[in-house]
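> Supplied in structure tokens, the structure appears directly below.
Bear in mind these aren't lab numbers, they're just calculated from the coordinates by the rules spelled out. Quick caveat: nothing in here was measured; it's all calculated off a predicted structure. Cβ placement follows ideal geometry from the backbone for every residue including glycine, while neighbour counts extend to all protein chains displayed.
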């Protein structure tokens, strides 16, 4: 018999599952995200970003880079290689410890992560499993023409180690003083056993990571400051506050080297899940790489000549997870003239298209020519599209559905009075402005 609590949650569960289906459908239909290799049946845990998805994802990365590099004095950027010397992963502990414990159901032979099981097999219902076995999550590959032990290499499972092994290079070339940080955006690869929830958990994904180096005595305050800064970044880009929460890790969750960690979680349709983690990694990483490489990675104070291994505060977020959160949070439905209007209410920084130029009559050559000239002029300053493939009402709905902020409509009167109609996405209000003033008007709005 179902409990009253579960019965009470059924409408909410149906609504959230329905929302996820709507998001996935919209992403496919409007060119945000496609299943990888779909014509061959697809590859689980891998996704392709379409024309609008590529723009949205780029805007997410640009907003992050602007906030943590361009608008700060204490952080520089890095773009490290995906392939690294195998000893890197020995030093970081990934070779020995980066594993999930897997079990096989003896009845149906399906394989599961042991920590995801709740007693019975989710496929056949049996309760008879093999002993757990460690499964390393790194993708192994070969470097060079000869396949032997010397040529074994790995696709990096995280971007952080590329920063740590370049600590001395960055320090020597930029002459930074503590505290300072190194930021990086890049692809990482994990052979996840249970990839799923659309782009939330993928085998190929992008990370936005900072390694912020500070004196040990200042690390705790620095950690708190980064938690606040990263939480506010999501709010500033339009995420609703009620959909974000902080979760402090219990001591038994922490990595053996970590002094503390807090997750920024988002209320996805499938529940609260991690967007970004901000960890105090202490001085573990630089010490490890010093030991394994034989190179001194200590920081030497230029005034006192004191040498220390700095503590590291690591804000680490996923580009794909952030993109999904922004998509979900922006999704809005309302009824207009007894029809459902779907709007993606992206912030102005993230909207893939800022302006759409629409001719009222596509068979009128003069209207089309003026509309195309306006689009050609605007695209120098804004991400802009031209569309004449439907009636104006349908064109407005298309642009609402992908989050376009303003629609500029050229009509018959535009040929005489040299004015166009500008429509606001969120309010649907329309105003007439002179053609010569469009760029200035939009620049002020953005």
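> Pull out the extension gain between residue 95 and residue 127, defined as 0.36 nm times the separation in residues minus the alpha carbon to alpha carbon distance; nm, one decimal.
Going from the current span to full extension adds 8.4 nm.
> How big is region 315-377 along each principal axis, measuring the range of its Cα positions in Å and listing the largest first?
Over region 315-377, Cα extents along the principal axes are 53, 35, 15 Å.
> Rg/Rh for region 353-445: what does it come to with C-alpha atoms and Rh from Kirkwood?
Reported Rg/Rh, Kirkwood definition of Rh: 0.91.
> Taking the Cα of residue 296, stepping 7 Å toward and past its beta carbon, and measuring to each backbone N in region 178-222: which are under 20 Å?
Flagged as within label range: 178, 214-216.
> Between region 355-376 and region 136-152, how many Å separate their Cα centres?
Cα centroid to Cα centroid, the span is 56 Å.
> Quantify how much of the Cα-Cα distance distribution of region 60-100 extends past 12 Å, in percent.
Summing the P(r) of region 60-100 above 12 Å gives 71 percent of all pairs.
> Fewest to most neighbouring Cβ within 10 Å: what's the order for 421, 141, 404?
Going from least to most buried by this count: 141, 421, 404.
> Here's something else I'd like to know. Plugging the Kirkwood radius over Cα pairs into Stokes-Einstein for region 114-198, at a temperature of 37 °C and a viscosity of 0.692 mPa s, what D comes out in µm²/s?
On the way: Rh = 17.5 Å.
My calculation gives 188 µm²/s for D.
> What relative contact order, as a whole-number percentage, does region 382-446 give when Cα pairs under 8 Å and 6 or more residues apart are counted?
RCO, region 382-446: 20 percent.
> Still on this structure, I have one more. Using mean Cβ contacts within 10 Å as the protection proxy, how do 346-352, 388-394, 74-80 order, highest first? Each step should come with its number before you reach the end.
Details: 346-352: 19.9, 388-394: 12.6, 74-80: 15.3.
Going by the mean number of other Cβ atoms within 10 Å, highest first, we get 346-352, 74-80, 388-394.
> Follow-up question, since we're still on this one. If one puts a single equal scatterer on every Cα of region 207-350 and applies the Debye formula without solvent, what log₁₀ I(q)/I(0) results at q = 0.12, 0.18 Å⁻¹?
-0.61, -1.04
> What is the log10 of I(q)/I(0) for region 400-446, computed with the Debye formula using one identical point scatterer on each Cα and no solvent, at q = 0.16, 0.17, 0.23 Å⁻¹?
Each listed q corresponds, in turn, to -0.43, -0.49, -0.83.
> Moving to a separate point now. If you fit an axis through the alpha-carbon atoms of helix 284-293 and take the longest principal axis of the Cα set of the chain, what angle between them do you get, 0 to 90°, nearest 10?
60 degrees
> Counting each DSSP H run of 4 or more residues in the chain as -39500 (n - 2.57), what helix-only mean residue ellipticity at 222 nm follows after dividing by all residues, to the nearest 500 deg cm²/dmol? Could you put the intermediate results ahead of the total?
Working: 13 runs with 142 residues, N = 446.
My calculation for the chain gives -9500 deg cm²/dmol from helical runs alone.
> Kirkwood Rh over Cα pairs of region 64-129 into Stokes-Einstein at 4 °C, 1.567 mPa s: D in µm²/s? Don't skip to the answer; put the middle values down first.
Numbers: Rh = 16.2 Å.
Reported coefficient: 80 µm²/s.
> Separate question: Give the angle, between 0 and 90 degrees and rounded to the nearest 10, that separates the Cα long axis of helix 219-236 from the longest principal axis of the Cα atoms of the chain.
That helix lies at roughly 20 degrees to the long axis.
> Report Rg(Cα)/(2.2 N^0.38 Å) for region 66-174, keeping two decimals. Can you show the working numbers first?
Working: Rg = 20.3 Å, N = 109, 2.2 N^0.38 = 13.1 Å.
For region 66-174, the normalised Cα radius of gyration is 1.55.
> Still on this structure: Grab the alpha carbons of region 157-225, take their convex hull, and tell me the volume per residue in Å³.
119 Å³
> Using alpha carbons only, what's the Rg to Rh ratio of region 103-246 with Rh from Kirkwood?
Ratio of gyration radius to Kirkwood radius: 1.08.
> In Å, what Kirkwood hydrodynamic radius results for the chain from the alpha-carbon pair distances?
For the chain, inverting the mean 1/r across all distinct Cα pairs yields 25.1 Å.
> With an 8 Å cut-off on Cα pairs and a minimum separation of 6 or more residues, tell me the relative contact order of the chain in percent.
So the answer I get is 12 percent.
> Hey, another quick one. Can you order the peptides 408-415, 145-152 by their average number of other Cβ atoms within 10 Å per residue, highest first?
On the way: 408-415: 19.1, 145-152: 9.1.
Result, highest mean Cβ count within 10 Å first: 408-415, 145-152.
> Mind jotting down the three principal axis lengths of region 178-278 based on Cα atoms? Whole angstrom, largest first.
Computed over region 178-278, the largest-to-smallest principal extents equal 41, 32, 29 Å.
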